[in-house]
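Just so it is clear, none of the values below were taken in a lab; they were calculated from the coordinates. Source: prediction; values computed, not measured. Reconstructed Cβ throughout: ideal geometry from the backbone, glycine too, with neighbour counts over all protein chains shown.
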Amino acid sequence: MIPRNEYLNQLIKWKEEKVIKVVTGIRRCGKSTLLSLFQEHLKDNGINKDQIIAINFEDLAYENLLDYKNLYQYIVDRLCKDKWTYIFLDEIQNVKEFQKAVDSLYIKDNVDIYITGSNACMLSGELATLLSGRYIEISMLPFSFKEYLSCTNKNKEDAFIDYMNNGGFPFCASQSDKTKINQYLEGIYNTVIVKDIELRQNKKNDNKLVDIALVKTISKYLADVIGNQVTVKKITNYLISNSRKVSDHTVSDYIMALLETFMFYPVERYDMQGKEVLKTNKKYYIVDTGLRNTLVSKKSLDLGFVLENIVFLELKRRGYQVYVGKSYNKEIDFIADRNGKIEYFQISVDLKDEDTFNREISAFDKIKDNYQKTILTLDKYSVGNYNGVLVVNVIDWLLDDK
């Protein structure tokens, strides 16, 4: 079991604080394993087994606890007197009105609550109202390249090729059988599309049937155009041109559903002259490049976008707020802001061609501040400092602890 230290340390930091710890992320990214790792940490540090209550709501053994009243009573009957009880509720979104049980447990003394969920809708509506100011969210992603590399015996270059192709889901990191990997990723995809999106629609109580075929078409379209500017209207027109009668409203709703399952992440554009976030032409990145490769047939012509996707996810892991930059007639691939510290990034597969090098470095010409400007590339031979612009090998950057 690979220790997910960046996430585990967050749970340790928040231990016994009077907030509910909510771990979110796409299915099979490692949330359940993280809870198990933290439970082992508790036991290793003197916490007795009877102080830990752990329930996975995808286990039929706990089917009777899918009723929030039964869940509440089950836990209350097992609370420890005069010492802390640590409660772990895995895939809590399966419990209808779970927020009522969680809120009632929260107000009790010496109760430390940890919950996971695979759908962002669990943090909307009534839960957000009931628990406003009472929870912190830890957003979890599949393996980083550094975590992935620790699972292999390959050198970093060969491992990175596998990482781009297979992605970072923990199961895939331990597999060499490409057929198994593809079947596993296809299973995740179908579960997310069918189970999580139908769950979202049920929570909305609009009694509308989900058009699964349409959701799949939209998801494959977004996977195909990662790193490109996208509008709802553009997707609608694409669907209509392929003989699908659909409205902008429906397309927008299904995109939101895909975002809420953590399959895709939106990135807004930031106008550096006007100092404002632009609401149009967002870009979307997928949670895992291996998952993308199960959805998209053409893979050889877009290495640059795949590389861009990997960098975006790593910036997100490192706690940055990420935007696409618009600087006059130039585009900055990423403006990354962490606690007011800004960095600018360009992503390029290869810089050996002089025109490519000049194009990438000129994107920074109009930026007059002193924040770090970096070009990340697979090219090993162009690394260096060019009048303050760093050119860094992307594999080394991904493995850099700093």
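Brief remarks follow.
- Taking all Cα pairs closer than 8 Å and separated by 6 or more residues, the relative contact order of the chain comes to 13 percent.
- Note that region 318-325 has calculated 3J(HN,Hα) couplings of 7, x, 8, 8, 10, 10, 8, x Hz, one per residue in order, obtained from phi through the Karplus relation 6.51 cos²θ - 1.76 cosθ + 1.60 (θ = phi - 60°); glycine and proline are x.
- Loop trypsin sites (Lys or Arg not before Pro), region 326-386, which have at most 15 other Cβ atoms in a 10 Å radius of their Cβ (DSSP): Lys352, Lys366, Lys368, Lys380
- Shape of region 24-122, Cα gyration tensor, a/c cut at 1.5: oblate
- Those GluC sites (Glu not before Pro) in region 1-91 that DSSP places in a loop and that have at most 10 other beta carbons within 10 Å: Glu16, Glu17
- Region 1-146, relative contact order [Cα under 8 Å, separation at least 6], %: 38 percent
- Listed pairs Lys178/Lys208; Lys13/Lys83; Lys216/Lys275; Lys100/Lys283; Lys100/Lys316; Lys31/Lys178 exceeding 28 Å between Cα atoms: Lys178/Lys208; Lys216/Lys275; Lys100/Lys283; Lys100/Lys316
- Region 278-331 - Kirkwood radius from inverse mean 1/r over Cα pairs (Å): 12.8 Å
- Within the listed set Val267, Val324, Val389, the residue fluctuating most in the Gaussian network model of the chain (springs between alpha-carbon atoms under 10 angstrom) is Val389.
- Looking at region 265-342, the chymotrypsin sites (Phe, Trp or Tyr not before Pro) that sit in a DSSP loop and have at most 14 other Cβ atoms within 10 Å of their own Cβ are Tyr328.
- The long axis of helix 212-224 is offset from the longest Cα principal axis of the chain by roughly 40 degrees.
- Placing one equal scatterer on every Cα of the chain and applying the Debye formula, the log10 ratio I(q)/I(0) at q = 0.06 Å⁻¹ is -0.27.
- Once the Cα atoms are used to define both axes, helix 178-191 deviates from the longest principal axis of the chain by about 60 degrees.
- Taking the longest Cα principal axis of the chain as reference, the axis of helix 232-241 is set at about 80 degrees.
- Charge sum, other residues only, whose C-beta stays under 10 Å from Lys279's C-beta, Lys/Arg counted +1 and Asp/Glu -1: 0
- Beta bridges per DSSP, both residues in the chain: antiparallel share near 40 percent.
- Most positive-pole-ward Cα, Leu313, Phe262, Thr231, against dipole of region 216-324 from beta carbon charges: Thr231
- Taking only Cα atoms of region 262-304, radius of gyration then Dmax in Å: 14.0, 40
- Counted by Cβ distance under 12 Å from Ala213, the other residues give a net charge of +2, where Lys and Arg count +1 and Asp and Glu count -1.
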